[in-house]
Amino acid sequence: MANYLVVGGAGYIGSHMVRTLLDAGHDVTVLDDISRGHAASVPAELLVRGDLGDRALLDELFTQRRFDCVMHFAAFAQVGESVQEPLAYYRNNTSRAVELLDAMKHAGIDRFIFSSTAATYGEPVRLPIDEDHPTVPTNPYGRSKRFLEQVLDDCEQAWGLRSVRLRYFNAAGAHPSGEIGEDHSPESHLVPLLLQVALGQRKDIAIFGTDWDTRDGTCIRDYVHICDLAKAHMLASEHLAAGGGTRTFNLGCEEGTSVREMIDVARKVTGHPIPSVDSARRAGDPARLVASSARIRSELGWAPEFDTPEWIVRTAWRWHRSHPQGYATS
Ligand code: UFG
């Protein structure tokens with residue numbers, strides 16, 4: 001049993017991580033300012049409400065509790081918003097994370113699991129994308145994450161921090177219990193938007209571009225289930241606990257699904273016709289993003305369990321149907 005600090009643990013990915021850690025019998029403290037997360041997504045007694053940039057709070061936490069490992073999920077994660085508000089991204093995703101690392105250094109904690117992203121690669125020059133693919137992010141979001149990876153390298157050199165950086169492709173789905181799930185406001189991700197149409201909350205889904213150089217003209221993404229992401233973090237943490245060194249791993253199912261294919265899956269799962277409207281391309285979208293996750297499969301034995309779009313949409317649908325207003329439903 002280990003003691004974890006989960007920063008941003010009340011967010012979409014963080015809350016699934018907290019559930020996975022608790023199910024495995026670990027001790028968990030959640031630090032979250034609830035600016036984008038939901039207090040209802042984690043057990044109340046585990047939640048410390050506070051700002052990641054609040055150094056006094058971090059020092060107090062690290063003095064009061066002895067953490068074996070820090071998992072860091074607290075970040076802004078919308079590409080379009082990052083182009084409009086770059087400084088908010090560098091402040092939140094980079095500067096505040098630097099403060100967290102400094103507090104860890106002072107507390108003598110040397111294990112860190114970092115939520116990174118496929119956006120660190122930028123426009124793919126080859127597919128599938130492996131971890132040695134060039135990292136040339138094309139927006140402030142990707143740069144803010146890539147920069148922190150470089151900060152982690154420097155911390156390792158300077159004081160022996162060991163980290164695992166997990167580069168997520170398209171996180172989607174919800175916990176199979178239907179108790180926690182995805183609730184962003186405003187929502188911009190394809191899967192929850194499709195399910196909002198099925199719930200009658202939106203008229204239709206806009207397809208952002210139908211003239212891409214892909215099999216059906218729509219963008220291709222590699223969707224990975226949120227619980228499989230959480231499982232990968234557990235394996236990463238066990239790797240560090242066993243004395244393993246710094247690693248970078250992609251997390252995707254290695255399967256490309258187009259927007260039209262995802263719409264068809266959602267129609268099948270929900271039984272709703274989900275009308276679509278062909279629309280203009282969204283700025284900054286690459287045509288295709290598909291991961292090679294061979295490295296984490298072979299090094300840590302990770303294998304996604306919910307490895308089809310249908311599984312992903314089924315679990316998301318269970319959550320959306322029982323929580324039509326997200327956490328405000330409960
Ligand atoms: N899409 C639509 N209509 C919509 C919403 C999305 O056609 O209403 C399309 C997008 O153009 C894209 C696909 O559906 O082709 C998936 O879009 P999402 O917004 O769900 O996800 P992204 O691929 O844009 O973003 C994901 C992560 C980001 C990460 C990015 C890397 O959510 O955090 O991949 O490029 F930065």
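Can you tell me how many residues within the range 288-315 are modelled with pLDDT of 95 or more, in a loop (DSSP other than H, G, I, E, B) and not small (Gly, Ala, Ser)?
Within the range 288-315, residues that are modelled with pLDDT of 95 or more, in a loop (DSSP other than H, G, I, E, B) and not small (Gly, Ala, Ser) number 7.
I'd like to check something: does the range 166-185 contain any residue that is over 14 Å from the mean Cα position of the chain (by Cα) and farther than 17 Å from residue 319 by Cα?
no
Whether any residue in the range 178-201 is in contact with a His (Cβ under 6 Å, 6 or more places away or on another chain), small (Gly, Ala, Ser) and over 26 Å from residue 166 (Cα atoms) is what I want to check.
Within the range 178-201, one or more residues are in contact with a His (Cβ under 6 Å, 6 or more places away or on another chain), small (Gly, Ala, Ser) and over 26 Å from residue 166 (Cα atoms).
Among the helices (runs of 4 or more DSSP H) contained in the range 49-92, which hold 3 or more residues that are surrounded by fewer than 20 Cβ atoms within 10 Å (Cβ to Cβ) and among the charged types (D, E, K, R)? Don't jump to the end; show me each part of the working.
Details: elements: 55-64, 79-84, 86-89.
So the answer is 55-64.
In the range 150-181, which residues are under 23 Å from residue 296 (Cβ atoms) and in contact with a Pro (Cβ under 9 Å, 6 or more places away or on another chain)?
The one that is under 23 Å from residue 296 (Cβ atoms) and in contact with a Pro (Cβ under 9 Å, 6 or more places away or on another chain): 172.
Restricting the range 151-181 to residues that are small (Gly, Ala, Ser) and open to solvent by less than 30 Å² (accessible area, probe 1.4 Å), which is farthest from residue 329 (Cα to Cα)? Let's see the steps before the verdict.
Residues of the range 151-181 that are small (Gly, Ala, Ser), as a first pass: 158, 160, 163, 171-174, 177-178, 181.
Next cut, open to solvent by less than 30 Å² (accessible area, probe 1.4 Å) only: 163, 171-174, 178, 181.
Details: 163: 37, 171: 23, 172: 20, 173: 18, 174: 16, 178: 13, 181: 12 Å.
Selected residue: 163.
Please enumerate the residues belonging to the range 144-178 that are over 22 Å from residue 220 (Cα atoms) and within 11 Å of the ligand (Cβ to nearest atom).
144, 145
Do we find a residue being touching a Phe, Trp or Tyr at 6+ places or on another chain (Cβ under 8 Å) and closer than 16 Å to residue 285 by Cβ anywhere in the range 106-118?
yes
Look through the range 182-229, keep the residues that are more than 8 Å from the ligand (Cβ to nearest atom) and at positive phi, and return whichever of them is most open to solvent (accessible area, probe 1.4 Å).
For the range 182-229, the residue satisfying everything is 200.
Look at residue 318 and say whether it is away from the ligand (no atom under 16 Å from the Cβ), assigned to a helix (DSSP H, G or I) and open to solvent by 20 Å² or more (accessible area, probe 1.4 Å). Steps first, please.
Numbers: away from the ligand (no atom under 16 Å from the Cβ): yes; assigned to a helix (DSSP H, G or I): yes; open to solvent by 20 Å² or more (accessible area, probe 1.4 Å): yes.
Spelling it out, residue 318 is indeed away from the ligand (no atom under 16 Å from the Cβ), assigned to a helix (DSSP H, G or I) and open to solvent by 20 Å² or more (accessible area, probe 1.4 Å).
Look at the range 1-20 and say how many of its residues are crowded, with 23+ Cβ neighbours inside 10 Å and either more than 15 Å from residue 113 (Cβ to Cβ) or not β-branched (Val, Ile, Thr) (or both).
Within the range 1-20, residues that are crowded, with 23+ Cβ neighbours inside 10 Å and either more than 15 Å from residue 113 (Cβ to Cβ) or not β-branched (Val, Ile, Thr) (or both) number 11.
Need a quick list: helices (runs of 4 or more DSSP H) entirely within the range 166-279 having at least 2 residues that are outside the structural domain of residue 15 (by TED's automatic domain parsing). Even if it seems obvious, please write down each step before you answer.
On the way: elements: 190-198, 226-241, 259-270.
Fully inside the range 166-279 and qualifying: 190-198, 259-270.
Can you tell me how many residues within the range 21-45 are assigned to a helix (DSSP H, G or I), touching a strand residue (DSSP E or B) at 6+ places or on another chain (Cβ under 7 Å) and surrounded by fewer than 19 Cβ atoms within 10 Å (Cβ to Cβ)? Lay out the reasoning, then the answer.
Step one: list which residues in the range 21-45 are assigned to a helix (DSSP H, G or I), which gives 21-23, 39-41, 44-45.
Applying the additional criterion that residues be touching a strand residue (DSSP E or B) at 6+ places or on another chain (Cβ under 7 Å) yields 21-22, 39.
This time we only want the ones that are surrounded by fewer than 19 Cβ atoms within 10 Å (Cβ to Cβ), so: 22, 39.
Result for the range 21-45: 2.
Restricting to the range 97-150, and then to whatever is of a type in the set (Lys, Arg) and over 20 Å from the mean Cα position of the chain (by Cα), can you tell me which residue is surrounded by the fewest Cβ atoms within 10 Å (Cβ to Cβ)? Even if it seems obvious, please write down each step before you answer.
Residues of the range 97-150 of a type in the set (Lys, Arg): 105, 111, 126, 143, 145-146.
With the extra rule that they be over 20 Å from the mean Cα position of the chain (by Cα), the set shrinks to 105, 126.
Values: 105: 15, 126: 9.
This residue is 126.
The values are calculated or read from the model by the stated rules, or taken from the named source; none is laboratory data. Since this is a predicted model, take the numbers as computed values, not measurements. So basically every Cβ, Gly included, is an ideal-geometry build from the backbone, and we count neighbours across all protein chains shown. The accessibility values were calculated without ligands, DNA or RNA, using every heavy atom of the protein model including side chains. Shrake-Rupley method; radii C 1.70, N 1.55, O 1.52, S 1.80 Å.
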